[in-house]
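Asks: I am attaching a structure below and will ask some questions about it afterwards.
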Amino acid sequence: MAELEDVLAEELIALGANDVEIGTRMVSFSGDKGLMYKANVHCRTALRILKPIYNFKAENADEVYEALKQVNWEEHLSLNKTFSIDAVVFSHIFNHSKFVAYKVKDAIADWFNERYEKRPSVSVTNPDIVFNIHIAHNKCTLSLDSSGESLHKRGYRIAQTDAPLNEVLAAGMILKSGWRGESTFVDPMCGSGTLLIEAAMIALGIPPGIHREHFAFEKWNDFDDELFSEIYNDDSTSREFSHRIIGSDISPKAIAIAEKNIKNAGLKKYIDVSVKPLQQYTEAPAPNGILMTNPPYGERIKVDELTELYSMIGERLKHVFTGYNAYVLSYKKESFDSIGLKPSRRFFLFNGALECEMREYEIFSGKRDDRPKSESSRERRPRNDSNHLQRNSKEGYRRSRRAEEGDEPKPKREFRPKREFDNDRKPRGERSFDGDRKHGDKKPFKREERPFDGERKRDADGKKKQFRLRRSPGKPGDNR
């Protein structure tokens with residue numbers, strides 16, 4: 001997902017990946033087969049893991065077809081297996097991803113037909129093998145999709161509310177905050193419980209893919225069942241969690257759904273949920289911790305109600321959750337303004353197609369300047385590198401990487417040559433107006449007032465703020 005590339009890169013490095021490079025909505029890395037299995041099981045912010053198998057260039061659809069006819073498809077596919085094509089196109093040459101997918105399908109079908117007079121079948125719903133074709137301008141990359149279904153589908157969700165938070169986004173929010181289970185975690189508007197479940201899995205070190213029924217690589221010709229079982233059953237990442245994860249919501253229906261998902265994830269022991277509006281919080285569940293929530297954005301409630309909601313959020317944070325770091329995800333500046341608190345950090349994220357922000361608020365008693373020096377300058381949670389705090393805006397990670405390598409020298413400022421004037425034209429400051437006032441004089445220039453009779457009247461609509469002057473009594477309608 002956009003703006004989570006830096007978090008995913010850190011996850012991959014922790015798993016032992018090599019040659020990690022960040023791109024736009026992607027991170028490339030190298031490793032062995034075991035690392036590919038591990039990335040699918042353990043990466044919380046990856047949507048899918050692709051294995052490139054063929055790179056080529058093409059200027060038109062026919063060249064795509066001819067290039068793919070050169071692939072030995074029997075290494076990846078057989079007549080008795082089904083397949084599907086996922087096409088992603090960013091190119092001025094190819095402007096329709098489905099057309100590219102059809103060309104890939106034709107190349108595969110013709111390759112098998114020429115050899116066996118038979119071809120594998122296409123399956124859209126549950127294919128055995130998924131191929132991904134990515135085209136950037138004229139550069140084409142054919143990959144095997146090792147994940148199958150998107151990795152945000154963890155497998156624990158059995159019910160959901162109207163607008164559930166994407167699991168990958170929820171995990172990314174928590175990982176960006178730096179919380180790893182060191183304190184109590186609270187979501188007072190928890191909905192179906194996605195943030196609560198992802199937080200519990202992070203705190204306990206439970207891999208996000210542990211509940212999935214299958215991965216696409218399990219149907220590959222070179223699948224190593226013994227190696228995958230070893231990785232899947234490895235519990236070396238598990239940790240003890242001595243705090244609580246607490247969720248609440250104003251909707252009894254949402255809490256009932258959250259309870260089902262939490263139970264299905266096997267985390268009922270660590271998560272407490274209840275029907276409770278945020279305004280009914282009179283004391284925090286623990287002396288300190290973090291609060292993270294995804295309030296409504298205003299699609300289904302009125303603007304006045306939305307302003308009141310966010311104003312109430314700010315009031316409760318200030319008066320109840322002293323000692324907490326609070327994180328609020330939303331996408332309207334007016335909503336953040338209604339909270340009435342100054343953020344300490346800002347993170348730009350995408351919730352579906354909405355360009356959102358997650359703002360961090362350090363909640364303390366009194367005024368910001370009243371805090372003891374030791375508190376205001378205290379060390380933040382340990383990060384993987386010293387430039388992590390710079391990653392709070394678009395391109396932030398890339399800026400931090402450039403800073404690590406050394407800032408590039410700033411270009412020298414170019415000065416414009418002095419203006420030359422014609423003999424007849426004087427520079428500003430020497431030109432005079434009506435022979436009385438020079439441009440450089442400090443005395444104000446007074447406009448001669450023009451007298452008029454009658455009244456000044458505003459236009460009926462009032463929008464253009466123009467005036468009509470009745471200069472003298474005359475015929476009706478003789479106004480200018």
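Asks: Restricting the stretch 251-294 to residues that are assigned to a strand (DSSP E or B) and among the β-branched types (V, I, T), which is nearest to G323 (Cα to Cα)?
Replies: I290
Asks: Here is a follow-up. Evaluate the stretch 173-180: report whether one residue or more is more than 23 Å from A2 (Cα to Cα) and either in a loop (DSSP other than H, G, I, E, B) or open to solvent by less than 10 Å² (accessible area, probe 1.4 Å) (or both).
Replies: no
Asks: Separate question: Any chance you could count how many residues in the stretch 16-46 are farther than 25 Å from G155 by Cα, of a type in the set (D, E, K, R) and crowded, with 16+ Cβ neighbours inside 10 Å?
Replies: 0
Asks: Name, by its number, the condition in (1) crowded, with 17+ Cβ neighbours inside 10 Å; (2) aliphatic (A, V, I, L, M); (3) more than 29 Å from E5 (Cα to Cα); (4) at pLDDT 95 or above that does not hold for L309.
Replies: For L309, the failing item is (4).
Asks: Right, next: Pull out all pairs, ordered by first then second residue, where Cβ-Cβ is under 6 Å, the residues are six or more apart or on different chains, the first lies in the stretch 1-25 and is within 20 Å of A171 (Cα to Cα) and among the hydrophobic types (A, V, I, L, M, F, W, C), and the second is assigned to a helix (DSSP H, G or I) and open to solvent by 40 Å² or more (accessible area, probe 1.4 Å).
Replies: L15/K38
Asks: Within the group I13, I85, which residue is under 29 Å from the mean Cα position of the chain (by Cα) and either assigned to a helix (DSSP H, G or I) or surrounded by fewer than 20 Cβ atoms within 10 Å (Cβ to Cβ) (or both)?
Replies: Going through I13, I85 in turn, just one is under 29 Å from the mean Cα position of the chain (by Cα) and either assigned to a helix (DSSP H, G or I) or surrounded by fewer than 20 Cβ atoms within 10 Å (Cβ to Cβ) (or both): I13.
Asks: Just for the stretch 54-72: of the residues that are in a loop (DSSP other than H, G, I, E, B) and in contact (Cβ under 8 Å) with a residue 40 or more places away in the chain, which one is most open to solvent (accessible area, probe 1.4 Å)?
Replies: E59
Asks: What pairs can you find where one residue is in the stretch 73-91 and acidic (D, E), the other is open to solvent by less than 30 Å² (accessible area, probe 1.4 Å), and their Cβ atoms are less than 8 Å apart, with a gap of 6+ or different chains?
Replies: Filtered contacts from the stretch 73-91: D86/A101; D86/V130; D86/F131; D86/N132; D86/I133; D86/D145.
Asks: Being assigned to a strand (DSSP E or B), open to solvent by less than 60 Å² (accessible area, probe 1.4 Å) and of a type outside the set (D, E) is the filter here, so list the residues in the stretch 337-365 that pass it.
Replies: Once the filter is applied, which keeps residues that are assigned to a strand (DSSP E or B), open to solvent by less than 60 Å² (accessible area, probe 1.4 Å) and of a type outside the set (D, E), the stretch 337-365 yields R345, F347, F348, L349, F350, N351, L354, C356, M358, R359, Y361.
Asks: Would you confirm, using the coordinates I've provided, whether Y297 is closer than 30 Å to R25 by Cβ, within 19 Å of the chain's Cα centre (by Cα) and assigned to a strand (DSSP E or B)?
Replies: Against the criterion (closer than 30 Å to R25 by Cβ, within 19 Å of the chain's Cα centre (by Cα) and assigned to a strand (DSSP E or B)), Y297 does not qualify.
Asks: Are any residues in the stretch 191-202 at pLDDT 95 or above and either open to solvent by 10 Å² or more (accessible area, probe 1.4 Å) or under 18 Å from V41 (Cβ atoms) (or both), and if so, which ones?
Replies: I197, E198, A200, M201, I202, listed by residue number.
Here's the yes/no breakdown for (1) under 17 Å from F185 (Cβ atoms); (2) hydroxyl-bearing (S, T, Y):
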| position | (1), (2) |
| --- | --- |
| K253 | no, no |
| K268 | yes, no |
| S274 | yes, yes |
| Y297 | no, yes |
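Asks: So, one more: Inspect all residues belonging to the stretch 275-288 and state whether any of them is in contact with a Gly (Cβ under 7 Å, 6 or more places away or on another chain) and surrounded by 17 or more Cβ atoms within 10 Å (Cβ to Cβ).
Replies: no
Asks: Quick check on my filter: what residues within the stretch 73-82 are open to solvent by 60 Å² or more (accessible area, probe 1.4 Å) and among the polar types (S, T, N, Q)?
Replies: Selection gives N80 alone.
Asks: Sort out which residues of the stretch 207-216 are in a loop (DSSP other than H, G, I, E, B) and surrounded by fewer than 21 Cβ atoms within 10 Å (Cβ to Cβ), and write them in order of number.
Replies: R212, E213, H214
Asks: Read through the list (1) in a loop (DSSP other than H, G, I, E, B); (2) of a type in the set (G, A, S); (3) buried (at least 16 other Cβ atoms within 10 Å of the Cβ), then give the number of the only condition that A101 fails.
Replies: Result: A101 fails condition (1) only.
Asks: Could you please let me know if F90 is within 29 Å of the chain's Cα centre (by Cα), of a type in the set (A, V, I, L, M, F, W, C) and open to solvent by 70 Å² or more (accessible area, probe 1.4 Å)?
Replies: Judged against the criteria, F90 is a match.
Asks: For the stretch 310-336, which positions are assigned to a helix (DSSP H, G or I), out of contact with any Leu (no Cβ under 8 Å at 6 or more places or on another chain) and among the polar types (S, T, N, Q)?
Replies: Within the stretch 310-336, S311 is the sole residue that qualifies.
The values are calculated or read from the model by the stated rules, or taken from the named source; none is laboratory data. Everything numeric here is computed off the predicted structure, so don't read it as measured data. Every residue, glycine among them, receives a Cβ derived from its backbone with ideal geometry; neighbour counts consider all protein chains shown. Quick note on the areas: whole protein, heavy atoms, side chains included, nothing else; ligands and nucleic acids left out. Shrake-Rupley method; radii C 1.70, N 1.55, O 1.52, S 1.80 Å.
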